[in-house]
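The values are calculated or read from the model by the stated rules, or taken from the named source; none is laboratory data. As the structure is a computational prediction, the values presented were derived from the model and not from experiment. Using ideal geometry, Cβ is built from the backbone for each residue, glycine included, and neighbour counts are taken over all protein chains shown. Please note that ligands, DNA and RNA were not included when accessible areas were found on the heavy atoms of the full protein model with its side chains. Shrake-Rupley method; radii C 1.70, N 1.55, O 1.52, S 1.80 Å.
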Amino acid sequence: MNDNHLLIKEMLLAEFLTRNETALKLGIFGGVMVLMMIFEALWPRKKRTQPRGTRWVTNLGIIVIDSLFIRLLFPIVAMGVAAYAAGKGYGLLNLISLPVWGHIVFSMIVLDMAIYWQHVAAHKIPMIWMFHKMHHADRDLDATSGTRFHPVEIAASMLYKMAIALILGPHVIGVLMFEIVLNVSAIFNHANVKLPLWLDRIVRTVFVTPDMHRVHHSIIGKEFTTNYGFNMSIWDKIFGTYTDQPSKGHDGMTLGLKEYQSDNPSHLIWCLLLPFKKK
């Protein structure tokens with residue numbers, strides 16, 4: 001009877017979270033974005049090359065477009081697929097007997113590794129790179145850069161996560177927690193914030209820091225093809241794609257893509273049309 005009671009409570013919680021997913025994500029996302037913007041103003045890591053205004057209008061405008069695009073294309077997102085898989089008993093994790101907390105933690109870890117490999121694929125597969133390069137064309141990095149992804153890439157990412165949810169059968173709460181952590185991590189590790197070196201060293205033993213991810217946005221090829229992790233830093237270390245520091249230092253490194261070192265990447269229409277340009 002006690003087990004049944006816990007199961008009912010878990011199902012009700014999962015239903016509540018699924019129904020209020022958007023509000024939860026937006027509330028946390030907005031709060032973290034504002035907080036990191038304040039930190040950037042107080043403790044900037046690197047001098048900007050582009051004015052804030054135009055870039056922020058573009059990067060934040062992309063968030064709105066991406067959100068509308070996903071809602072139109074996918075009325076059922078990854079959490080819905082996870083709930084469906086759980087109800088049908090689909091997925092590897094639904095074949096394993098785990099406590100709820102173990103199911104949630106394992107789901108989050110495996111999903112994080114899946115996103116690492118998705119990011120690697122975005123750099124290695126030309127058809128995906130043509131959309132992902134809009135993210136890398138940004139000549140400055142700050143909290144808004146963590147949301148700067150082409151709508152087509154966002155849609156492809158959602159399809160990928162839905163497929164992973166069917167194969168893995170992750171816990172619904174685990175999927176929500178992972179997506180929140182992923183969004184928060186993307187804002188944090190793109191932020192132009194100067195962490196004390198001792199703190200950066202401690203945090204990056206497990207998680208990606210702004211200094212670690214900034215290396216990935218270098219125009220130097222051997223740096224640009226490293227540090228793919230968004231949340232956990234361990235994947236880069238395990239799979240041999242980790243670079244500790246940029247060769248020219250954070251103050252001396254150039255961000256963005258070599259072929260787009262102009263004001264164009266700060267404009268919304270240019271960004272949306274970039275994948276379809278010949279150059």
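Any idea which of SER145, ALA163, LEU182 is furthest toward the positive side of the dipole for the range 122-186, if Lys and Arg beta-carbons carry +1 and Asp and Glu beta-carbons -1?
Projecting each Cα onto the dipole axis, the largest value belongs to ALA163.
Across the Cα atoms of the range 239-279, what radius of gyration and what greatest pairwise Cα-Cα distance (Dmax) are found, in Å?
Cα radius of gyration and Dmax of the range 239-279 are 14.3, 37 Å respectively.
Can you work out D for the chain in µm² s⁻¹ from Stokes-Einstein, where Rh is the Kirkwood radius over C-alpha pairs, the temperature is 10 °C and the viscosity is 1.306 mPa s? Numbers along the way, then the final one.
On the way: Rh = 19.7 Å.
The Stokes-Einstein estimate is 81 µm²/s.
Can you tell me the FRET efficiency between PHE239 and LEU199 if r is taken as the Cβ-Cβ distance and R0 is 22 Å, rounded to the nearest 0.05? Walk me through the numbers on the way to the answer.
Numbers: r = 25 Å, r/R0 = 1.15.
Given R0 = 22 Å and the Cβ-Cβ separation, E is 0.30.
Roll a 1.4 angstrom probe over the protein heavy atoms and tell me the percent of accessible area of the chain that is carbon or sulfur. Working shown, then result.
Numbers: 9930 of 13810 Å².
The nonpolar share, carbon plus sulfur, comes to 72 percent.
Using the Cα centre of the chain as the reference point, and only Cβ charges (+1 on K/R, -1 on D/E), how large is the resulting charge dipole? Debye, rounded to the nearest 20.
Values: 27 positive and 20 negative charges, 161 e Å.
Dipole size: approximately 780 debye.
Give me the angle, in degrees from 0 to 90, between the Cα long axis of helix 78-88 and the longest principal axis of the Cα atoms of the chain, rounded to the nearest 10.
Between the helix axis and the principal axis of the chain, the angle is about 20 degrees.
If I model a spin label as a point 7 Å beyond the Cα along the Cα-Cβ vector, how far apart are those points for HIS267 and LEU42 in nm?
Between HIS267 and LEU42, the label points sit 3.7 nm apart.
Rolling a 1.4 Å sphere over the protein heavy atoms, what is the accessible area per residue of the chain, to the nearest Å²?
On the way: 13810 Å² over 279 residues.
Per residue, the chain has an accessible area of 50 Å².
If you take the square roots of the eigenvalues of the alpha-carbon gyration tensor of the range 50-180 and sort them as a ≥ b ≥ c, do you get rounded (a/c under 1.5), prolate (a/b over b/c) or oblate? Write out the running numbers ahead of the final one.
On the way: a/c = 2.19, a/b = 2.09, b/c = 1.05.
Verdict is prolate for the range 50-180.
Can you give me the angle between helix 172-190 and the longest principal axis of the chain, using Cα atoms only, in degrees from 0 to 90, rounded to the nearest 10?
10
So what's the angle, to the nearest 10 degrees on a 0 to 90 scale, between helix 100-124 and the longest Cα principal axis of the chain?
The angle comes out at about 40 degrees.
Using the Cα centre as the reference, give the magnitude of the dipole from point charges on the C-beta atoms of the range 88-247 (Lys, Arg: +1; Asp, Glu: -1; all else neutral), rounded to the nearest 20 debye. Could the numbers behind the result be given before it?
Numbers: 12 positive and 11 negative charges, 37 e Å.
About 180 debye.
Could you sort 46-59, 159-172, 217-230 so that the peptide with the highest average Cβ count within 10 Å comes first and the rest follow in order? Write down the numbers at each step before the final one.
Numbers: 46-59: 15.8, 159-172: 21.5, 217-230: 18.9.
Going by the mean number of other Cβ atoms within 10 Å, highest first, we get 159-172, 217-230, 46-59.
Between ALA163 and VAL105, what is the label-point separation in nm under the 7 Å Cα-to-beta-carbon projection?
Calculated label separation equals 3.0 nm.
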